[in-house]
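All remarks here apply to the structure that follows.
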Amino acid sequence: MSTDRDERYLDTLIRPIRVCASYRPRLGHGSKAGMSLSDFQNLYQQDPFYSWFGLNNPLMYAAHKTAGGMTSIYRQIGIGAERLFRQILQDELGLSPEESKWSYTISSANKKKRTLRLDARIMFNSIPDAAKRRKISAWVREVAEDLRVSHKIVRALQGVVFEVRQGYKSKDSKRQNADIANAATAYSQAYLPCAVILSTQIDEDIFNRYRSEHWVILTGCLQGATRLNSTYHFMRQVIGYDLADFFERHSRVLRNEVGKVLETLLRAE
């Protein structure tokens, strides 16, 4: 039976996913709203080369819409997961919305300032419950030891910052370098950086690179895993919330929502 808390969490996850149903491809010409089927056909019919090949076919539009929409689904699931993770930290640990966020400011080459953010934060001193504070502090020491972080650095740590993703298979070097810089800044501010991956989908090279830069990596593995490497073991044993059970109990609802979006995206109109 769903509780009020379950309903809040489901809404947090589902609301971004529903946005994907209205996705339209831009194809380098459309506005922010994207191109409709008639816009697409008019554009391609006026292009002799594309018209010769029959690329103004409605199925071609459907293919573009589906491809972009699928990317949007992954992105929106990630956005919902990030919001859910942060909300769980607030609910379980008694953190305020501000306490559960982390950002820092840098100056670029042209002296313009930029604010960079990770998705969530736990500061030891912000946790009102002493038992929960000790449990999380102990986990930080344990996982830092596993990463072979210097004992001197471990003793100085004041909390954890998190990057939350549904999966991580992109080979985007710019994104990787930004994450490495985030980790360095986190350590300089006495935070342990932790990547929380909800699925088991992470590129092996990325995993190894991040570990070598002393990122904690938690993935969506369930079997043969521990709180040192599993998102779901960490959430249940350290944070105190069974996230895997939540997903399992509501998988039918989540599948139906994604299914409806996919059916909409696969239609040509």
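Each reported figure results from applying straightforward, stated rules to the coordinates on display, with no laboratory input. Remember, predicted model here, so these are calculated numbers, not experimental data. Here the Cβ positions follow ideal geometry from the backbone for every residue, glycine too, while neighbour counts run over all protein chains shown.
Lysine pairs in the range 66-220 with Cα distance under 22 Å, only those 8 or more apart or on different chains: how many are there? Before the final figure, lay out the partial values.
Details: 101/113; 101/132; 101/135; 111/174; 112/174; 113/174; 135/152.
Close lysine pairs under the 22 Å cut-off: 7.
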> Which length gain, in nm to one decimal place, applies between residue 190 and residue 104 when the Cα-Cα distance is subtracted from 0.36 nm times their residue separation?
Replying inline: 29.7 nm
> With labels modelled as points extended 7 Å from the Cα through the Cβ direction, what inter-label distance (nm, one decimal) is found for residue 173 paired with residue 148?
Replying inline: 2.6
> How would you classify the range 112-162 from its alpha-carbon gyration tensor, with a ≥ b ≥ c the square roots of the eigenvalues: rounded for a/c under 1.5, else prolate if a/b is greater than b/c, otherwise oblate?
Replying inline: oblate
> Taking θ as phi - 60°, what are the ³J(HN,Hα) couplings along the range 8-22 by the Karplus curve (6.51, -1.76, 1.60), each to the nearest whole Hz, with x for Gly and Pro?
Replying inline: 4, 5, 4, 4, 4, 7, 7, 3, x, 5, 5, 4, 5, 4, 8
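Report the antiparallel proportion of the DSSP beta bridges in the chain as a percent, rounded to a multiple of 5. Write down the numbers at each step before the final one.
Values: 10 of 22 bridges.
Of the beta bridges lying entirely in the chain, close to 45 percent run antiparallel.
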> Along the Cα-to-Cβ line of residue 75, 7 Å from the Cα, sits a label point; which residues in the range 15-50 have backbone N less than 20 Å from it?
Replying inline: 15-37, 40
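How large is the helix-only mean residue ellipticity at 222 nm for the chain, computed as the sum of -39500 (n - 2.57) over DSSP H runs with n ≥ 4, divided by its residue count, in deg cm²/dmol to the nearest 500?
Details: 11 runs with 142 residues, N = 269.
The helix contribution divided over the chain gives -16500 deg cm²/dmol.
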> Helix 173-188 sits at what angle to the longest principal axis of the chain, using alpha carbons and giving 0 to 90 degrees rounded to 10?
Replying inline: 20
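Full-extension gain between residue 254 and residue 269, please, as 0.36 nm times their residue separation minus the C-alpha to C-alpha distance. Working shown, then result.
Details: separation 15, 0.36 × 15 = 5.40 nm, distance 2.46 nm.
The residue 254-residue 269 span can extend by a further 2.9 nm.
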>> Just to verify a number: FRET efficiency for residue 90 and residue 221, C-beta to C-beta distance, R0 = 25 Å, to 0.05?
In response: 0.45
> What are the residues whose amide H is under 5 Å from the amide H of residue 119, where those residues sit 5 or more places off or on another chain and H is modelled from the backbone?
Replying inline: 162, 163, 164
> Hey, how many Å between the Cα centroid of the range 42-76 and the Cα centroid of the range 149-179?
Replying inline: 38
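Indicate the gyration tensor shape class of the range 94-219 (rounded, prolate or oblate), computed on the Cα atoms with a ≥ b ≥ c the square roots of the eigenvalues: a/c under 1.5 is rounded; otherwise a/b larger than b/c is prolate and the rest oblate.
Values: a/c = 1.56, a/b = 1.21, b/c = 1.29.
Here the range 94-219 falls in the oblate category.
Defining a contact as two alpha carbons under 8 Å apart and six or more residues distant in sequence, what relative contact order in percent does the chain show?
Working: 367 pairs, mean separation 51.1, N = 269.
Result for the chain is 19 percent.
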> Within the range 94-219, what percent of beta bridges assigned by DSSP are antiparallel, to the nearest 5?
Replying inline: 50
>> Please compute, for the alpha-carbon atoms of the chain, the extent along each of the three principal axes and give them in descending order in Å.
In response: 68, 55, 34
